[in-house]
Structures are given as C-alpha cells and as structure tokens.
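The values are calculated or read from the model by the stated rules, or taken from the named source; none is laboratory data. As the structure is a computational prediction, the values presented were derived from the model and not from experiment. Here the Cβ positions follow ideal geometry from the backbone for every residue, glycine too, while neighbour counts run over all protein chains shown. The area values use the complete protein model at the heavy-atom level, side chains included, leaving out ligands, DNA and RNA. Shrake-Rupley method; radii C 1.70, N 1.55, O 1.52, S 1.80 Å.
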Amino acid sequence: MRQRDRYGAWGIDTPRCETWQDRAACRQVDPELFFPAVNDVTGSPGAETRAYAKAKKICARCPVRSQCAAYALARDERYGLWGGMTPRQRQRLLNRMKAAG
C-alpha cells in the first residue's frame, strides 16, 4: 500500500527519511549556478548581483531556504549562494549576530 509521507510525496508503507537537502529546489539544477567564478563577483559594481540572479530566483521558491541558510551560517560557508544569501550577505549577518552578543 502506498501512502503520502509528511512532505506530500508518495512512498511505500513507511515514511521516507528525508533531509532538508532532499527537498531543496536546487537539487535538479547545475550547482555551478550557485558558485559563480570569483571574477564574476569581484568585477564591476553589481557583478555579484548579476552573477547570483538566476540562483536567487530558485532560492526564492525553495521550501527549505531557511534550513539551507542556517546550515551555511553554522558552517561559516565562504563561497556560493546558500539559502538565498551571498557570501557577503552571510558575513554581514554573522557580524551583526556576533555584535548583538
């Protein structure tokens, strides 16, 4: 007998043990989209925004965006877009969190 698991996916009698990564919107996308070349984000003004634009659209509709961001912040990820946040945005957030105590 098949039944829906708690995420609405059809499985076999027992619920599937899924991680947040299994439900990420980016699973079916080329990972390089989330890790543009250094030259793409350090060049002209607005280069970072342009480099991450497509990836941010995917993050915007992701059901596990907050878990992804928390993962990157906890591991101090220095590269790539995680949870819709660029490395610069994550660093600013970490700095604010440290300053707040």
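Across segment 39-72, the number of residues qualifying as among the β-branched types (Val, Ile, Thr) and more than 12 Å from THR86 (Cα to Cα) comes to 3. The condition (being in contact with a Phe, Trp or Tyr (Cβ under 8 Å, 6 or more places away or on another chain) and among the aliphatic types (A, V, I, L, M)) is satisfied by just one residue among ALA74, ALA55, ALA51: ALA55. Of the residues making up segment 49-100, those that are within 15 Å of ALA25 (Cα to Cα), open to solvent by 90 Å² or more (accessible area, probe 1.4 Å) and either among the hydrophobic types (A, V, I, L, M, F, W, C) or at pLDDT 95 or above (or both) are LYS57, ARG61, ARG65. Only residues that are open to solvent by 90 Å² or more (accessible area, probe 1.4 Å) and either within 14 Å of the chain's Cα centre (by Cα) or at pLDDT 70 or above (or both) were counted across segment 7-29, and they come to 3.
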